[in-house]
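Here's the structure we're looking at; comments come further down.
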């Protein structure tokens, strides 16, 4: 099986050359760190990816979790992985010193291990990632005594954290959450309800599971304004510190297309009227808190998709280099030796597509992570602007990698031909694993409505204006380089057109028409955002190539960036032409169609 | 699980209303038949689909074939299915009376059962389909005494037929076939070699397997000009009629992403120097014969993909109608009841996409089948033209459904959300099953080069001219209808642009540059071809609606056709804008890129 699953070189390129993580070191929050620390994190994460995560990729897929006698049995190595992540400080990597964390920048402490672990074995990385997200909620919104109860065990990887939102009748529609919480005289709430599709919601790889759960306090307003957030442990902590069952029961697990190394559970809370929960923050503000975790989780999902696509890219690249088949079309001698398929333009096109998606996505995700860091370590307008831009880019950073990651893994299968369809090679697993990403943490349709309906419009379009300014800045820089100038011009045109399309859609009258094609708008916006990221990347590559004095490997890396950038502008950016046409046709077909027309 | 997997109404629409299968009854070949016969075929195939094929869909996926002690064990019901297909006359449905067939038109005898069986259970339909294809080769190119040896058992479903082309070093590059054939004094050839990825190449659901195998007679010219076609049975027929082992050994099977109900085998011929084969037709013309079967198999693959996508469409449509979630965007009351998700424009868009792909593909496939019938029952220029047009459309009819079928099944998963990813619903299986189609019987890349490099150019572009004429005919008809005229105008523009792009590519100089983006050209061509088919379909629908006197169900059907047609022109046809831009950018990136640039 292919060894390589991610480009170390590219991670360094993004960290140091494109987004200059070292510039964060001037901020007090990160002042203790240094490039040496970041390098150690990178090296250690890579070693763990290679030695702990990757070797279990196939095995965890084939030995799926089992639900036996009320217990969810996961691969026995899950426990080791969680402990390694705990002991190595990975779960608390970006947490505050005060909470026992390492206070690393998100770009390093979150992005680097998440990208590497997910590329090595996506399912295996979810356990610790979810735990870190749940712990961040507790760290952010709970009093110190609550933090002390949960955080040490969660950061140590001994307890699992989850986010429990979905219910049988409330998936995309969170306002329909029905789980109830009733305050008792003892200060805790009694929780009752069902949650479904909860990742790592129960398993025998940990000693306890801490659910961050959405529920409705009795008498709360209807809709999203009446949803509160609770901590509900599987086993509650008694006064003496002992663990007692908390009436949280796993009713079963799902058998899935992929992402099989991690169980997705159905949970029942309070079947015996003895499930206790503790309110996080204020009542009825649960969705606001949860969205802190959710926004992080959406970036995580985009990253998971880009990482799986990365592993698929290197697997198909290795195959393309080694597999002899056919000859150049200009060679008519059937006796001449066959050439490796990487020589065929069509295979190269598919490889460039894969790389363009992977590295374009990683770049946008690192951009988001950089903004997360600015939010954490700056203040005033700088912080506010970073936050707005991050809000705007989050649905894109979730969905572009998710949707295009599928196509990218599919291209990987195609390069391998029949072998891609068989389980001797990892492509078919990547293809199955990556398909979850447009679904969980808000489907692509939900992200589209979030982008167009909320983010583009919030504060009278302020985030949209900030975004435009950022892209224009990159365009201006690129225009000073005669090689890049024509590409910058194309991006400028695309950006202008995006503005026109947005105005057109906003003027369509009612909300239904405005958002009917929000999914396509998201796709459209995403291509332009990734084109921007590619232009940013090659500004760096051009400078490096111009400066000279490079090792041959570096020349190949930067020239590879240039080639992939060109690929993107020749093959991907033109797709916006069709999308713009469709979005401005003024069709009301999907709003008006009569359901009976789907009959027969 | 969803019951419906295909639209009977749509099959009748294509058969009788769009392509007028009854017009074939004037030809002597089909003169014995009647609409009543066709209806009986349709009804019987539907009954078999529902009662025999569909109930085994999940089971055959989960109980995959096993390779035990040199034997391939398939689901025990495979034997019944083959016998049902034999006894019911399905394998010989389109074969000549002289060969024991029913001499049905391809539109009925091939398309109808293949579409229905594949939609009900793709894997289960492959066994008989391959047998019919292999039998057609024997019927077409072997003397009567050979036919008598094999055909009755094959048509009865007692023996399996295969096409054995691929070898470890010869997949897409057939000119590298190495299997050898050496003439003996006894008149047969001794066969030696390895074949891989052979569908149904060995299994215990039949008593014998008849391989149509490509091999090279010793001393034959190198390349494709030295390839001959042989019949190589797994068990040869002795003079007394007894079966004897023929030194054909199964070395193993592949474990696949999907399409698991049918084994894909690795075969070894002549390990013990005792494998006998019989030459089909003339030496060194094997590829020409094989392409008769291959062209049919390509249509079959397109049909398989469209059929799986059809089943996925009805499964997601059923879910969309039943699943309540969310409210209209114009309804801000969280206490109002949730609506079925089919009310959401984004879900409708996905459903329309699925239907547009499914029914657009079926229409193009029926078009091809109609041309096959013209080839079989006409002569002179009419036959020649039908043949040329069929040749041109075959790579499109294979690839458009294959590639778009994947996206269509993926949209089906997306409609179901988390449930789409789980095996309680059939979507995840459809998604796995359909992924084989861009790979087998010539990958999409191969089809692209076939279309642009061979078919568009053959006989000085005669097929291309015929195609243009056909599309223009439809455009002219549509222009007479004020409602359809604007759409006809859009198709006309797209067709003109296609011509310009083709001329541009042909002028690019060398073969590498000319065909570098042939895959994209195929995609581009395919969208226009399907737009043409949609325009043809709605010409019929408009007439029916205008004539009036329809039952409500018919009105819904025709209005549904109109809506799906509009969907295609609003959402799919505009994609050609971006493809045309990319194809005419003059980029030589994928030809010129240095392989080292993929480093890191």
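Bear in mind that the values in this text are calculations on the coordinates, not laboratory data. These figures come from a predicted structure and were not determined experimentally. Note that each Cβ is placed from the backbone with ideal geometry, even for glycine, and that neighbours are counted across all protein chains shown.
Assorted remarks:
- Taking a ≥ b ≥ c as the square roots of the eigenvalues of the alpha-carbon gyration tensor, region B:51-160 is classed oblate because a/c is 1.5 or more while a/b is no larger than b/c.
- Across peptide A:79-89, the mean count of Cβ atoms from other chains lying within 10 Å of each residue's own Cβ comes to 0.
- Rounded to the nearest 10 degrees, the inclination of helix A:77-87 to the longest alpha-carbon principal axis of chain A is 90 degrees.
- Residue exposure proxy: A:534, B:159, ordered by other Cβ atoms within 10 angstrom of their Cβ from fewest to most, comes out as B:159, A:534.
- Panel order for B:600, B:61, B:496, A:207, by other beta carbons found within 10 Å of each beta carbon, from fewest to most: B:496, A:207, B:600, B:61.
- Copy-to-copy label distances for residue A:588, where each label lies 7 Å from Cα along Cα-to-Cβ, are 5.3 nm in order of increasing length.
- Cα gyration tensor of the protein assembly as shown - equivalent ellipsoid semi-axes, whole Å, descending: 51, 32, 32
- For chain B, the share of DSSP beta bridges that are antiparallel, to the nearest 5, is 80%.
- C-alpha long axis of helix A:345-377 to longest principal axis of chain A, angle in °: 50
- Anisotropy class of region A:446-588 from Cα gyration tensor, a/c 1.5 cut: prolate
- At q = 0.07, 0.11 Å⁻¹ the log10 of I(q)/I(0) for chain B amounts to -0.43, -1.08, computed by Debye summation with a single uniform scatterer per C-alpha, solvent ignored.
- Shielding by other protein chains, B:426-433, mean Cβ within 10 Å: 2
- Inter-copy spacing of residue A:383 label points, which lie 7 Å from Cα along Cα→Cβ, given in nm from shortest upward: 8.4
- Relative contact order %, region A:161-284, counting alpha carbon pairs below 8 Å whose residues are six or more apart: 30
- Between helix B:144-155 and chain B there is an angle of about 50 degrees, using the helix long axis and the longest principal axis of the Cα atoms.
- The DSSP beta bridges internal to the protein assembly as shown are antiparallel in roughly 80% of cases.
- Taken over the Cα atoms of region B:126-241, the convex hull encloses 110 Å³ per residue.
- Fewest-first ranking of A:468, A:195, using other Cβ atoms within 10 Å as the exposure measure: A:468, A:195
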